[in-house]
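**Student:** Input: one structure, supplied below.
The values are calculated or read from the model by the stated rules, or taken from the named source; none is laboratory data. What you see is a predicted model; the values in this text were computed from it and never measured. Please note: Cβ atoms are built from the backbone with ideal geometry, for glycine as well, and neighbour counts cover all protein chains shown.
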Amino acid sequence: MTTRRRAAPDATRRSEESRRAILAAAFDLVGQVGYARLSIEGIAARAGVGKQTIYRWWPSKGAVLFDAFLMLSEGETGRPALPDTGDLEADLKAVLRSTVAELNDPRYDEPMRALNTEILHDPALAAAYAERLDGPLKEAKKERLRSAQRAGELRADLDLDVAVEMVWGPLLNRWLQRSGPLTPHYADSIVETALNGLRRPTRRRRDQH
């Protein structure tokens, strides 16, 4: 009679399952109870792990929440990139309209506000956010504007950092301050207003000076 040896547990797989359960729990809980009432204990209970497991991987609930956002894009491959159809205005409108839809989604509103608040008070989290999320996204935005420069749609001497802030800043500012409705029309008007000042002057306008 022979005995069958049980396969050893896969610690790597178990850790990954626990990690994803923790991140999903943090994202769900902050939307239900708000960031002020979110706790490591609550996340651990929802995820079915001990709180020491969380502290072993993350220094704070803000860090957990940030990684929860990163998990949403884990299936994407390669660097982030904006659409480039050759029509800068249409591409920017499509991107800002998509951003409006995301900011208006109740599933994301509270978690994103919580993350923005925590970044203001946690320098380490702010640095991680800049390196792992905001920096790559900003570079993707600048690369789309560089493409427009090469196509002659934008001035060659344009300050791309300022241009990115001009296009995306008004939308995020209105969302953060709740100073007005976020609509597709508003997104379109931002793009149109920004590009009126960013486009290369036409021959007729140059001849007038």
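**Student:** What residue, of 90, 128, is surrounded by 15 or more Cβ atoms within 10 Å (Cβ to Cβ) and assigned to a helix (DSSP H, G or I)?
**Tutor:** On inspection, the qualifying residue turns out to be 128.
**Student:** Right, here's the next one. Spot the failing condition for residue 162; the list is (1) surrounded by 15 or more Cβ atoms within 10 Å (Cβ to Cβ); (2) within 24 Å of residue 91 (Cα to Cα), and only one is missed.
**Tutor:** So residue 162 meets the others, but not (1).
Yes or no, residue by residue, for (1) modelled with pLDDT of 90 or more; (2) within 25 Å of residue 185 (Cα to Cα):
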| site | (1), (2) |
| --- | --- |
| 64 | yes, no |
| 78 | no, no |
| 86 | yes, yes |
| 89 | yes, yes |
| 100 | yes, yes |
| 157 | yes, no |
| 161 | yes, yes |
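**Student:** Name the residue that is farthest from residue 124 (Cα to Cα), counting only residues in region 13-69 that are outside any helix (DSSP H, G or I) and not hydrophobic (A, V, I, L, M, F, W, C).
**Tutor:** Taking the candidates together, the pick is 48.
**Student:** Which of (1) surrounded by 13 or more Cβ atoms within 10 Å (Cβ to Cβ); (2) modelled with pLDDT under 95; (3) more than 17 Å from the chain's Cα centre (by Cα) is the odd one out, the single condition residue 116 does not satisfy?
**Tutor:** (3)
**Student:** Which condition number does residue 35 fail, the rest of (1) among the hydroxyl-bearing types (Ser, Thr, Tyr); (2) at pLDDT 90 or above; (3) surrounded by 17 or more Cβ atoms within 10 Å (Cβ to Cβ) being met?
**Tutor:** It is condition (2) that residue 35 fails.
**Student:** Here is a further query. Looking at (1) within 25 Å of residue 116 (Cα to Cα); (2) modelled with pLDDT under 90, can you tell me which one residue 56 breaks?
**Tutor:** (2)
**Student:** Being aliphatic (A, V, I, L, M) and surrounded by fewer than 17 Cβ atoms within 10 Å (Cβ to Cβ) is the filter here, so list the residues in region 167-181 that pass it.
**Tutor:** If the condition is that a residue be aliphatic (A, V, I, L, M) and surrounded by fewer than 17 Cβ atoms within 10 Å (Cβ to Cβ), then 172, 176 are the ones that fit.
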